[in-house]
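These notes concern the structure reproduced below.
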Amino acid sequence: MKLASLNDGTRDGQLVVVSSDLARFTPAGTVASTLQDALDNWVQAAPALGKLGQELDLGMIAGTPFDEGAALSPLPRAYQWADGSAYVNHVDLVRRARGAELPKSFWTDPLMYQGGADAFLAPRAPVVLAQEEWGIDFEAEIAVITDDVPMGVSPGAAGAHIKLVMLVNDVSLRNLIPGELAKGFGFFQSKPSSAFSPVAVTPDELGAAWDGGKLALPLVSRLNGEVFGRPRADIDMTFDFPALIAHAARTRPLGAGCIIGSGTVSNRLDGGPGKPVADGGAGYSCIAEQRMVETINSGEPTTPFLRFGDKVRIEMVDETGASIFGAIEQEVVKYTGP
């Protein structure tokens, strides 16, 4: 089952069921008006939404052509957005870029921050920011959406609470991060609004690529039309999604509609920090990693952070080359004030 929220002029959009090939959709209003409504009543809503999806795929419902450009993020706003750093290779590289060492505990205890969940960007909306000097970067990630998760859930039980999977562009302002972290209170201004893929999918749609905690497919990022990264989302994932959910729920319950991010997908592969696509490697899911590798190899970074007019595309395709979630495609645009 694939679900989307179409822009109908309301804050939370219109919930629709999308065909498996992303070609058509049918409104889901007879079951739930929004995705949050569906998640709040998932036990009852999921079978009915799944039936709509089956009828759409079988041609029993004609459907309407699906336009990814009309989609909001599946949850245009959420009660909770907690982003982890499941790929310790990424954490190591970006900390080295700041001159910070990696504590040994990072290999056994996940990092996680609580992001802004009140105003997600649509997957085709521009990234609007005031200054290039802030060090604008994209971060290509995977995320899951949960139902109600009890406090203290074990990793073994947490996987059953994963109801939907989607992609993320977790925008970061790299040059603001060191100053914020130096205050000892975490990210805030350095983490503006994130965007999610046009559709969120139930784990069964992923077939053998989903093992209950990891997604075994490449995540492809393009910068201005050129492939920037295609690391596999299952490789070098130190903490799988059940582990991240259990970490988030250690001291609190998680409400239905909680989004848990993987952090930037990052592979080592060659035993080192990885290689750019141009050098035959898997590349990177953010610019900061490539800059760090350039610094390691030549003493200084040469790849600039995003500039106004740059375009980023994030997508994942199945073994046949078909898009699974639709594409996040965003242009960086200068903010000129309210």
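Quick notes on this structure:
- Identity of the residue in the stretch 85-110, basic (Lys, Arg) and either more than 23 Å from residue 233 (Cβ to Cβ) or touching a His at 6+ places or on another chain (Cβ under 9 Å) (or both), that ends up most open to solvent (accessible area, probe 1.4 Å): 104
- Some residue of the stretch 253-265 being within 21 Å of the chain's Cα centre (by Cα), of a type in the set (Val, Ile, Thr), assigned to a loop (DSSP other than H, G, I, E, B) and modelled with pLDDT of 95 or more: yes
- Residues of the stretch 204-222 satisfying the condition of being open to solvent by 20 Å² or more (accessible area, probe 1.4 Å) and closer than 22 Å to residue 85 by Cβ: 210, 211, 212, 214, 216, 218, 220
- Where residue 39 falls short, out of the listed (1) under 19 Å from residue 77 (Cβ atoms); (2) free of Cβ contacts under 8 Å to residues at least 40 places away in the same chain; (3) among the hydrophobic types (A, V, I, L, M, F, W, C): (2)
- Residue in the stretch 161-203 that is surrounded by the fewest Cβ atoms within 10 Å (Cβ to Cβ), counting only those that are under 15 Å from residue 263 (Cα atoms) and aromatic (Phe, Trp, Tyr): 187
- Inside the stretch 22-42, residues that are open to solvent by 30 Å² or more (accessible area, probe 1.4 Å), part of a loop (DSSP other than H, G, I, E, B), out of contact with any helix residue (DSSP H, G or I) (no Cβ under 8 Å at 6 or more places or on another chain) and closer than 22 Å to residue 203 by Cβ make up a count of 2.
- The combined condition, being assigned to a loop (DSSP other than H, G, I, E, B), modelled with pLDDT of 95 or more and among the charged types (D, E, K, R), is fulfilled by residue 250.
- For the residues 300, 294, 319, 315, the requirement of being open to solvent by less than 70 Å² (accessible area, probe 1.4 Å) and more than 26 Å from residue 120 (Cα to Cα) singles out 294.
- Unmet criterion (only one of (1) outside any strand (DSSP E or B); (2) modelled with pLDDT of 95 or more) for residue 5: (1)
- Test: residue 152 is at pLDDT 95 or above and either polar (S, T, N, Q) or assigned to a loop (DSSP other than H, G, I, E, B) (or both): yes
The values are calculated or read from the model by the stated rules, or taken from the named source; none is laboratory data. Bear in mind the structure is a predicted one, so any value in this text is a computation, not a measurement. Glycine gets a Cβ as well: all are built from the backbone with ideal geometry, and neighbour counts include every protein chain shown. Surface accessibility is based on the protein's heavy atoms, side chains included, excluding ligands, DNA and RNA. Shrake-Rupley method; radii C 1.70, N 1.55, O 1.52, S 1.80 Å.
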